[in-house]
Structures are given as C-alpha cells and as structure tokens.
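So the structure is just underneath, and the comments pick up after that.
The values are calculated or read from the model by the stated rules, or taken from the named source; none is laboratory data. Just so it is clear, the structure is predicted and the values come from calculations on it, not from any experiment. All Cβ positions, glycine included, derive from the backbone under ideal geometry; neighbour counts span all protein chains shown. Each accessible area value is taken on the protein alone, full model and side chains, heavy atoms only, with ligands, DNA and RNA left out. Shrake-Rupley method; radii C 1.70, N 1.55, O 1.52, S 1.80 Å.
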Amino acid sequence: MEGYEMAIRILGTGSYLPDRVVTNDELAEMMDTSDEWIRTRTGIGSRHVTEGETTSDMAVRAAEAALKNAGIDAGEIDLIIVGTFTGEQLMPNMASKVQAAIGANRAVGFDLSAACSGFLFSLNTAYCFMKAGIYQKALVIGAETLSKTVDWDDRSTCVLFGDGAGAAVVGLDEGTESLFIMGSDGSKGEVLSLDARPLKTPFSMNPKEVNPWMTMNGQEVFKFAVRKVPECIEELMKKAELSVEDVDWFILHQANVRIIESVSKRLGVDSSRFPVNLDHCGNTSAASIPILLDELNRSGRMKRGDRIVLSGFGGGLSWGATYLVW
Ligand code: UT7
C-alpha cells in the first residue's frame, strides 16, 4: 500500500473495439444459452470480437486516439506500459510494437501481466516512475484478445468475454493527491487460469498436458470480487481521508453487473455513480477500465475536477483501487 502527494493527471483517452459485434442471440444459435440467461446473470448484451486484428493492432488504435485526445505528440512519451495477458507474441512485447507503430521513439515499453487488474497495475506503475522523476509522460494501455483464450464450446466462459483496447496518456499534476492500493493472493490462482506453452524438451521428465483454454470457477471469482472490491475501496477511502460520498465516479472492472451492483450496495453508494458498459463490451479484462474511461470522457459525462475511484480485480488473484482527480 502506498500513497503520494502528487496527482495522476489523465491528459487524454482513447479506445478501440473491433467492428464485429456478436450478440447474445447469435451465441444462442451456436450453443445452449439464451439472451435472457446472459443478460440476467451478467448484464452483457453483446461483445466485440476480432476477425483478425491482433492485440497490438488494437492497442495501437487506442493509443493513437488517446494521443490525439490529449493533443500530445508520440515523441513526448517516455514510457509505454501495456496491461495484457493475450498478446499475439510473447516476444517482442506489445508495448514495443506500439512504440514502433506510433513512432514514440524515445519511449521505453514493457507489458504488465495482471489479468483484469492489468490496466490499474500499469497505471500505478507509471505513476511511481513519474513520481520518482524518472519519466514525465506515459501511455498506459489495456488491450486484450480474450476470444482466442476461451473455449467456444464452453458456454460458462465464452459468453462473458470480449476483445478491445483502451489507452490513457498520463502525466503528473501538483496540488491534488492520488493514492492506490494493490493486492495479490496467489494461493487462489487456480480459480481463474490459462496455461502457457508446455515444457517439452529432450530433458523434461514429466511433460504436462497443457489446456489451451481459460478455466474459471465463476462462483469463487464472484465471491472474491464482491468481498475484496468494497474492502479495498474502503481502505483507500480511509487512507485518502475521504468518504465514499466525496467520490463522483466508481469505475470498476466490467466483469458482471451483479458484482458492480453488489459493490455499490455494500458501499452504500447509488448505482448511478457506477458506470457500466458491459452491455455492449462484455468483459474485456485489462481493457475494460480504459475503454469505460474513454466513453465517459468523450461523452462529457466526466468533468475536470471529478473525483474518481478506479478498481480492478481478477486473475492472480489480484485486486486494486486508485483514487484520482479527473
Ligand atoms: O474478470 C474477472 C473474471 N470473471 C468474473 O468476474 C466472473 C465472476 N463470476 C460470474 O460472473 C458468475 O459466476 C457467472 C456469470 C460466470 C455464472 O453465473 P452464476 O450465477 O454463478 O451461474 P452458475 O455458474 O451457478 O450456473 C448456473 C446454471 C448452471 O446450470 P445448473 O447446474 O444450475 O443446471 C450452468 O450450467 O447456469 C448454467 N449456465 C448457463 N446456462 C445458460 C452456465 N453458463 C450458461 C450459459 N447459458 N451461458
């Protein structure tokens, strides 16, 4: 847990969603599910699914939009962090691909793997570099191609996820205070998991079968989220010496509308302060918070000076919350 006396300032946002929209009704033609089940259990109505664009292609489009929105040239960016676990390559990393594509010639780039907490952890990491005076301007991106990680024959996972990317150009501002909390519980990691490449070498003793698909114990993740998210937001509020009443927007990772409603109830805050875009995006993991930020920014719903709490949670298990002034 750390707190600082300088503020994260989001200078601009951008997002990108693939053109192809897959509705619940379309899924119901492919498998034993229904629009009614998906909507009532999750709040999801449709999601965007890539027809070929890669994670870095989407990250680049979101980054370009964020730079334009901030009115900043790519050459001014010092640091690029991409929160993702679904890059199209393990090497080079997605951040280096973005750096080359946008011409951010003096930026250093790396990826950060923290599943659905990926954007939040990346934002906090960028903040620490800036607070330490090492870098001045960062491009923080969440980008995911979840459609390639789910088993499209498993209705309990494939209906939940979508593809997309969101980005924020971030600088520092004196005078207001930003704070964050982050946590991990690796002992529960298996409730949400995705295997990497298998160890198959002439020297490996017991080559293990690798499952190519994401596996999830939905109820365990649900219980974890509805307990941990309010807990860490309350801890953050205490640290910031604020009450939840002082916060204009709670921007949560978009996993399930029932999780969001439960958090709003537990905190005693009206659900109108918990914006939702699950209905048309599904769960886009690390991309969900920056996509939602971009929607709120561009629609003018969020105004300069608004006080915001971001909260991410998911695989790891991992969780976190960040307080900032828009
Ligand atoms: O980003 C973080 C990662 N993930 C999450 O945050 C997910 C957190 N968990 C959840 O959102 C919910 O647990 C789910 C939406 C995944 C599942 O909702 P649930 O209310 O926990 O349902 P369930 O798993 O208890 O399943 C209830 C029933 C089962 O049938 P039976 O055994 O009662 O006959 C499932 O087989 O619903 C069935 N079911 C479906 N039915 C229609 C599961 N998936 C589907 C489906 N369509 N797509």
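Is it fair to say PHE119 is within 17 Å of the chain's Cα centre (by Cα) and not hydroxyl-bearing (Ser, Thr, Tyr)? Give the derivation first.
Working: within 17 Å of the chain's Cα centre (by Cα): yes; not hydroxyl-bearing (Ser, Thr, Tyr): yes.
When the stated conditions are applied, PHE119 passes them.
Looking at the stretch 149-176, I want the residues that are of a type outside the set (Val, Ile, Thr) and have a partner that is modelled with pLDDT under 95 and open to solvent by 10 Å² or more (accessible area, probe 1.4 Å) with Cβ atoms under 6 Å, at least 6 apart or on another chain. Which pairs are those?
GLY171/ARG9; LEU172/MET6; ASP173/ARG9; GLU174/MET6
Out of all the residues in the stretch 55-79, which are over 18 Å from PHE119 (Cα atoms) and open to solvent by 40 Å² or more (accessible area, probe 1.4 Å)?
Going through the stretch 55-79, the residues over 18 Å from PHE119 (Cα atoms) turn out to be 68-76.
LYS68, ASN69, GLY71, ASP73, GLU76 - these are the residues of the stretch 55-79 that are over 18 Å from PHE119 (Cα atoms) and open to solvent by 40 Å² or more (accessible area, probe 1.4 Å).
For a quick check of your reading: which strands (runs of 3 or more DSSP E) sit entirely within the stretch 10-125 and have at least 2 residues that are away from the ligand (no atom under 16 Å from the Cβ)?
Numbers: elements: 21-23, 46-48, 79-83, 108-112.
Once the strands (runs of 3 or more DSSP E) in the stretch 10-125 are filtered for at least 2 residues that are away from the ligand (no atom under 16 Å from the Cβ), what remains is 79-83, 108-112.
Looking at PHE313 and the list (1) open to solvent by less than 10 Å² (accessible area, probe 1.4 Å); (2) farther than 20 Å from GLN219 by Cα, which single condition is not satisfied?
Of everything listed in (1) open to solvent by less than 10 Å² (accessible area, probe 1.4 Å); (2) farther than 20 Å from GLN219 by Cα, PHE313 misses just condition (2).
Can you give me the number of residues within the stretch 149-184 that are within 15 Å of the ligand (Cβ to nearest atom) and of a type in the set (Asp, Glu)?
Result for the stretch 149-184: 4.
Answer yes if at least one residue in the stretch 80-98 is of a type in the set (Lys, Arg), open to solvent by 10 Å² or more (accessible area, probe 1.4 Å) and over 20 Å from the mean Cα position of the chain (by Cα), and no otherwise.
Start the filter on the stretch 80-98 by keeping residues that are of a type in the set (Lys, Arg), which leaves 97.
Within this subset, residues satisfying the condition of being open to solvent by 10 Å² or more (accessible area, probe 1.4 Å) are 97.
Okay, now just the ones that are also over 20 Å from the mean Cα position of the chain (by Cα), so none.
Among the residues of the stretch 80-98, not one is of a type in the set (Lys, Arg), open to solvent by 10 Å² or more (accessible area, probe 1.4 Å) and over 20 Å from the mean Cα position of the chain (by Cα), which makes the answer no.
Please find, among SER262, SER271, the residue that is open to solvent by 50 Å² or more (accessible area, probe 1.4 Å) and either over 14 Å from the mean Cα position of the chain (by Cα) or more than 30 Å from THR145 (Cβ to Cβ) (or both). Full working, then the answer.
Working: SER262 fails: open to solvent by 50 Å² or more (accessible area, probe 1.4 Å).
After ruling out the rest, the residue left standing is SER271.
I need the full set of residues from the stretch 282-305 which are under 20 Å from VAL140 (Cα atoms) and over 10 Å from the mean Cα position of the chain (by Cα), in order please.
Within the stretch 282-305, the first condition is being under 20 Å from VAL140 (Cα atoms), and the residues that meet it are 283-298, 302, 304.
Across the stretch 282-305, the qualifying residues are LEU293, ASP294, GLU295, LEU296, ASN297, ARG298, MET302, ARG304.
In contact with a helix residue (DSSP H, G or I) (Cβ under 9 Å, 6 or more places away or on another chain) and either within 29 Å of TYR16 (Cβ to Cβ) or within 15 Å of the ligand (Cβ to nearest atom) (or both): is that true of ASP279 in this structure? Lay out the reasoning, then the answer.
Values: in contact with a helix residue (DSSP H, G or I) (Cβ under 9 Å, 6 or more places away or on another chain): yes; either within 29 Å of TYR16 (Cβ to Cβ) or within 15 Å of the ligand (Cβ to nearest atom) (or both): yes.
Yes; evaluated as a whole, the condition is true for this residue.
Specify which of the listed residues (THR40, THR13, THR50, THR23) is at pLDDT 95 or above and in contact with a Leu (Cβ under 9 Å, 6 or more places away or on another chain). Show your work before the answer.
On the way: THR40 fails: in contact with a Leu (Cβ under 9 Å, 6 or more places away or on another chain); THR50 fails: in contact with a Leu (Cβ under 9 Å, 6 or more places away or on another chain); THR23 fails: in contact with a Leu (Cβ under 9 Å, 6 or more places away or on another chain).
Matching residue, one of THR40, THR13, THR50, THR23: THR13.
For THR13, state whether it is open to solvent by less than 30 Å² (accessible area, probe 1.4 Å), under 23 Å from TRP319 (Cα atoms) and touching a Pro at 6+ places or on another chain (Cβ under 7 Å).
On the way: open to solvent by less than 30 Å² (accessible area, probe 1.4 Å): yes; under 23 Å from TRP319 (Cα atoms): yes; touching a Pro at 6+ places or on another chain (Cβ under 7 Å): yes.
Spelling it out, THR13 is indeed open to solvent by less than 30 Å² (accessible area, probe 1.4 Å), under 23 Å from TRP319 (Cα atoms) and touching a Pro at 6+ places or on another chain (Cβ under 7 Å).
Look through GLU235, GLU241 and report the one residue that is in contact (Cβ under 8 Å) with a residue 40 or more places away in the chain and either open to solvent by 80 Å² or more (accessible area, probe 1.4 Å) or of a type in the set (Val, Ile, Thr) (or both). Don't jump to the end; show me each part of the working.
Working: GLU241 fails: in contact (Cβ under 8 Å) with a residue 40 or more places away in the chain.
Of the residues listed, the single one that is in contact (Cβ under 8 Å) with a residue 40 or more places away in the chain and either open to solvent by 80 Å² or more (accessible area, probe 1.4 Å) or of a type in the set (Val, Ile, Thr) (or both) is GLU235.
Is there a residue being polar (S, T, N, Q), outside any strand (DSSP E or B) and open to solvent by 60 Å² or more (accessible area, probe 1.4 Å) anywhere in the stretch 214-224?
Taking the stretch 214-224 and keeping what is polar (S, T, N, Q), we get 215, 217, 219.
Restricting the remaining residues to those that are outside any strand (DSSP E or B) gives 217, 219.
If we keep only those that are open to solvent by 60 Å² or more (accessible area, probe 1.4 Å) too, we end up with 217, 219.
Within the stretch 214-224, one or more residues are polar (S, T, N, Q), outside any strand (DSSP E or B) and open to solvent by 60 Å² or more (accessible area, probe 1.4 Å).
Looking at the stretch 183-211, which of its residues are open to solvent by 80 Å² or more (accessible area, probe 1.4 Å), of a type outside the set (Gly, Ala, Ser) and outside any helix (DSSP H, G or I)?
Matches in the stretch 183-211: ARG197, LEU199, LYS200, PRO202, PHE203, MET205, ASN206, LYS208, GLU209.
Within the stretch 190-243, can you find the residues that are within 16 Å of the ligand (Cβ to nearest atom) and small (Gly, Ala, Ser)?
Listed by number, the residues that qualify are SER193, GLY218, ALA225.
Just to check your reading of the model, which residue among GLY282, GLY300 is surrounded by fewer than 19 Cβ atoms within 10 Å (Cβ to Cβ) and either within 27 Å of LEU67 (Cα to Cα) or not hydrophobic (A, V, I, L, M, F, W, C) (or both)? Spell out how you get there, then give the answer.
Values: GLY282 fails: surrounded by fewer than 19 Cβ atoms within 10 Å (Cβ to Cβ).
Of the residues listed, the single one that is surrounded by fewer than 19 Cβ atoms within 10 Å (Cβ to Cβ) and either within 27 Å of LEU67 (Cα to Cα) or not hydrophobic (A, V, I, L, M, F, W, C) (or both) is GLY300.
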